[in-house]
1. If I82 meets every condition in (1) in contact with a strand residue (DSSP E or B) (Cβ under 8 Å, 6 or more places away or on another chain); (2) farther than 27 Å from G107 by Cβ apart from one, which number is that one?
2. Out of the residues in the range 169-192 meeting the condition of being surrounded by fewer than 20 Cβ atoms within 10 Å (Cβ to Cβ) and in contact (Cβ under 8 Å) with a residue 60 or more places away in the chain, tell me which one is farthest from ligand 2 (Cβ to nearest atom).
3. Within the group T39, T6, which residue is within 16 Å of V112 (Cα to Cα) and surrounded by fewer than 24 Cβ atoms within 10 Å (Cβ to Cβ)?
4. Within the range 82-124, which residues are closer than 14 Å to I65 by Cα and basic (K, R)?
5. Which condition breaks for D239 when tested against (1) under 25 Å from R292 (Cα atoms); (2) in contact with a helix residue (DSSP H, G or I) (Cβ under 9 Å, 6 or more places away or on another chain); (3) in a loop (DSSP other than H, G, I, E, B)?
6. Can you spot a residue in the range 124-143 that is surrounded by fewer than 18 Cβ atoms within 10 Å (Cβ to Cβ), touching a helix residue (DSSP H, G or I) at 6+ places or on another chain (Cβ under 9 Å) and outside any helix (DSSP H, G or I)?
7. Looking only at the range 91-125, count every residue that is within 12 Å of ligand 2 (Cβ to nearest atom) and touching a His at 6+ places or on another chain (Cβ under 8 Å) and tell me the total.
Amino acid sequence: MPPLPTVVVTGGAGFIGSHTVDRLMETGHRVVVLDNFSTGKRSNLARWAGDPALDIVTCDITNGIFAALAPLTKLHGPVERIVHLAAQVSVVHSVANPHVDMTVNYGGTLHVLEYARAHHVKKVVFASSAAVYGDVTQLPVAEETACQPVSPYGIDKLASELALDYYANVHGVPTTALRFFNVFGPRQDPSSPYSGVISIFTDRARAGKPLTIFGDGSQTRDFVFVGDVVRGIVAALGDGNSRMIANVGTGNEISVGELARTIVDLCGGKSTLEHAPPRAGEILKSRARVDRLRDALGVVAQTSLVDGLRATLA
Ligand code: NAD
Ligand code: UD1
């Protein structure tokens, strides 16, 4: 039998990463997870315990990925494709710690691209973000919109996109950057104040605790279910579409206030809503234009917000 194609997933023990690993394993790939377990968990990958097609390697991407992958490629052959998800994921954390964000998010991307260049990797798919746009005047926001990020996180994601383009253009590394909007779903960890809002709100509403809304709650986000995001990632891993940048969202937006009320209702209405001052570095409105992902890769988000919330609560 020919060897299985090897896909490396950086950040594969995290929320989006573990769902990506599930899909790749289900479709017959060999998968190598590189993760430092700062927010990711081994339990997210527990269903594959003992499966010889999955290797989980503790690796901090700020130290590079050559040493972590060398023993495995010796055994199983070259890495064919890379999904690069490992990152510091909080906008607010990046405002307080800009150097950490740059080292992990921009520096980590450079390490991944250096490996891809040296080993002739056939595709690098990078998790970029809607945060690259900053505060835009026109919604839905299309990929051509001038990027003016308002946080170190957005700056480092944009810098990473530029690095992808440079490696594709100058070194011939095929790359695709996906600008995820606000991803939610099962396994999103609610345990930190920096966690995604839906993970925090569902966790607290289930326990009947108050929900805190930063600002007046009129800020909007385009919440996309993790299963739809994974379909985008897997489609982008294929050949073609190099140097493409595409939004991954639904094309819909909801205010944080309305989101809070929806979640409280779904959980039986026990929680109260409280307000706290708005957080620095955050954007006000966000909604993706989604034509490019549909036209280039045939991927359209299919899960409604309420269905996704039910799946998350279940
Ligand atoms: P997550 O925190 O669950 O996943 C990040 C993973 O990266 C974790 O497993 C963590 O342990 C790992 N990691 C962090 N620093 C590392 C390091 N130095 N070395 C190795 N591994 C490290 O978050 P997520 O929501 O799954 O995010 C995945 C990617 O998607 C990130 O790049 C994030 O910026 C991007 N993204 C997420 C969203 C969202 O709404 N969740 C939206 C846009 C972009
Ligand atoms: C999120 C992602 C980021 C991604 C970006 C893309 C996380 C932690 N962050 O950032 O990686 O690049 O989407 O758009 O996954 N809020 C409250 N109460 C809370 C928590 C949050 O009101 O308890 C509000 C925030 O002030 C913000 C909104 O909810 O206005 C969303 O916050 P958050 O989930 O942290 O996401 P983003 O900052 O949009």
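Just so you know, all these numbers are worked out from the coordinates, no wet-lab data involved. Since we're looking at a predicted model, the values are computed, not measured. Cβ coordinates were reconstructed from backbone atoms using ideal geometry, including for glycine residues, and neighbour counts include every protein chain displayed.
1. (2)
2. Keep residues of the range 169-192 that are surrounded by fewer than 20 Cβ atoms within 10 Å (Cβ to Cβ), which gives 169-172, 186-187, 189-192.
From the residues that got through so far, the ones that are in contact (Cβ under 8 Å) with a residue 60 or more places away in the chain too are 169, 186-187, 189, 192.
Numbers: N169: 25, P186: 14, R187: 12, D189: 9, S192: 8 Å.
Among those residues, the one meeting the criterion is N169.
3. Numbers: T39 fails: within 16 Å of V112 (Cα to Cα).
Criteria check complete, one pass: T6.
4. R117
5. That leaves (2) as the condition not met.
6. The initial filter retains those residues of the range 124-143 that are surrounded by fewer than 18 Cβ atoms within 10 Å (Cβ to Cβ), namely 135, 137-139, 142.
From what's left, touching a helix residue (DSSP H, G or I) at 6+ places or on another chain (Cβ under 9 Å): 142.
When the remaining residues are screened for being outside any helix (DSSP H, G or I), the result is 142.
Checked the range 124-143: at least one residue is surrounded by fewer than 18 Cβ atoms within 10 Å (Cβ to Cβ), touching a helix residue (DSSP H, G or I) at 6+ places or on another chain (Cβ under 9 Å) and outside any helix (DSSP H, G or I).
7. In the first step, residues of the range 91-125 are kept if they are within 12 Å of ligand 2 (Cβ to nearest atom); the result is 91-95, 101, 105.
Next cut, touching a His at 6+ places or on another chain (Cβ under 8 Å) only: 101.
Of the residues in that region, 1 qualify.
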